[in-house]
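**Student:** Quick one: the structure is below, and I'll ask about it shortly.
The values are calculated or read from the model by the stated rules, or taken from the named source; none is laboratory data. These figures come from a predicted structure and were not determined experimentally. Here the Cβ positions follow ideal geometry from the backbone for every residue, glycine too, while neighbour counts run over all protein chains shown.
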Amino acid sequence: MFAKLVAVSLLTLASSQLMAAECKTTIDSTDQMSFNTKAIEIDKSCKTFTVELTHSGSLPKNVMGHNWVLSKEADMQPIATDGLGAGIDKNYLKEGDTRIIAHTKVIGAGEKDSVTFDVSKLAAGEAYGFFCSFPGHISMMKGTVTLK
Ligand SMILES: [Cu+2]
């Protein structure tokens with residue numbers, strides 16, 4: 001009986017170590033034009049990575065909408081600038097912009113959206129970042145994405 005218990009707890013331990021790489025994260029956005037994180041780390045063992053975006057504020061998306069956009073760090077500002085004219089229905093992103101690696105739609109208070117992308121799209125040694133492309137938000141709403 002004791003041996004069986006030990007075996008079971010060893011198994012539990014082994015499987016919890018296998019599960020150690022968390023291949024998803026939840027990021028909250030607010031009425032204060034902010035994300036609740038400045039840095040996202042992606043484990044190299046993840047095949048895909050999922051980001052769930054939430055909005056804990058009370059303002060609607062046409063006033064304080066947020067999305068989550070992933071690109072190379074050098075492409076962040078150009079993507080945001082080119083997306084200004086796209087309008088909220090296009091999530092303030094230029095259609096067919098190949099510099100965008102992944103993005104959620106623009107959400108308002110109480111809404112959520114998620115996006116899953118292939119981690120193989122990220123190259124080791126390249127600097128990546130995330131931001132919100134709602135007009136004017138990138139100055140406050142951005143952070144780094146690192147493969148580790
Ligand atoms: Cu925003």
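**Student:** Regarding the range 69-77, can at least one residue be identified that is of a type in the set (V, I, T), in contact with a strand residue (DSSP E or B) (Cβ under 6 Å, 6 or more places away or on another chain) and closer than 16 Å to I40 by Cα? Give the steps one after another, and end with the answer.
**Tutor:** Applying the first criterion (of a type in the set (V, I, T)) to the range 69-77 yields 69.
From what is left, the residues that are in contact with a strand residue (DSSP E or B) (Cβ under 6 Å, 6 or more places away or on another chain) are 69.
Cutting the leftovers down to closer than 16 Å to I40 by Cα gives us 69.
Yes, there is a match, as at least one residue in the range 69-77 is of a type in the set (V, I, T), in contact with a strand residue (DSSP E or B) (Cβ under 6 Å, 6 or more places away or on another chain) and closer than 16 Å to I40 by Cα.
**Student:** Oh, and also: Would you mind stating whether E111 is surrounded by fewer than 15 Cβ atoms within 10 Å (Cβ to Cβ) and without any contact (Cβ under 8 Å) to a residue 60 or more places away in the chain?
**Tutor:** Details: surrounded by fewer than 15 Cβ atoms within 10 Å (Cβ to Cβ): no; without any contact (Cβ under 8 Å) to a residue 60 or more places away in the chain: yes.
So E111 does not fit the description; no.
**Student:** Do you know which residues across the range 91-108 are of a type in the set (S, T, N, Q) and surrounded by 18 or more Cβ atoms within 10 Å (Cβ to Cβ)?
**Tutor:** So the first thing to find is which residues in the range 91-108 are of a type in the set (S, T, N, Q), and the list is 91, 98, 104.
Of everything in the range 91-108, those that are of a type in the set (S, T, N, Q) and surrounded by 18 or more Cβ atoms within 10 Å (Cβ to Cβ) turn out to be N91, T104.
**Student:** Ok, one more. Look at Y128 and say whether it is farther than 24 Å from N62 by Cα and buried (at least 16 other Cβ atoms within 10 Å of the Cβ). I'd like the intermediate steps shown before the answer.
**Tutor:** Values: farther than 24 Å from N62 by Cα: yes; buried (at least 16 other Cβ atoms within 10 Å of the Cβ): yes.
Yes: the conditions hold for Y128.
**Student:** Looking only at the range 102-148, which residues are among the acidic types (D, E) and within 16 Å of the ligand (Cβ to nearest atom)?
**Tutor:** Start the filter on the range 102-148 by keeping residues that are among the acidic types (D, E), which leaves 111, 113, 118, 126.
Matches in the range 102-148: E111, D113.
**Student:** Quick one: count up the residues across the range 18-54 that are of a type in the set (A, V, I, L, M, F, W, C) and modelled with pLDDT under 95.
**Tutor:** Here is the first cut: in the range 18-54, the ones of a type in the set (A, V, I, L, M, F, W, C) are 18-21, 23, 27, 33, 35, 39-40, 42, 46, 49, 51, 53.
In the following step, the residues that additionally are modelled with pLDDT under 95 were identified as 18-21.
Qualifying residue count, the range 18-54: 4.
**Student:** Out of G83, G65, G108, G57, I need the residue that is at pLDDT 95 or above, small (G, A, S), within 15 Å of G136 (Cβ to Cβ) and in contact with a helix residue (DSSP H, G or I) (Cβ under 7 Å, 6 or more places away or on another chain). Which one? Walk me through it before giving the result.
**Tutor:** On the way: G83 fails: in contact with a helix residue (DSSP H, G or I) (Cβ under 7 Å, 6 or more places away or on another chain); G108 fails: within 15 Å of G136 (Cβ to Cβ); G57 fails: within 15 Å of G136 (Cβ to Cβ).
Going through G83, G65, G108, G57 in turn, the sole match is G65.
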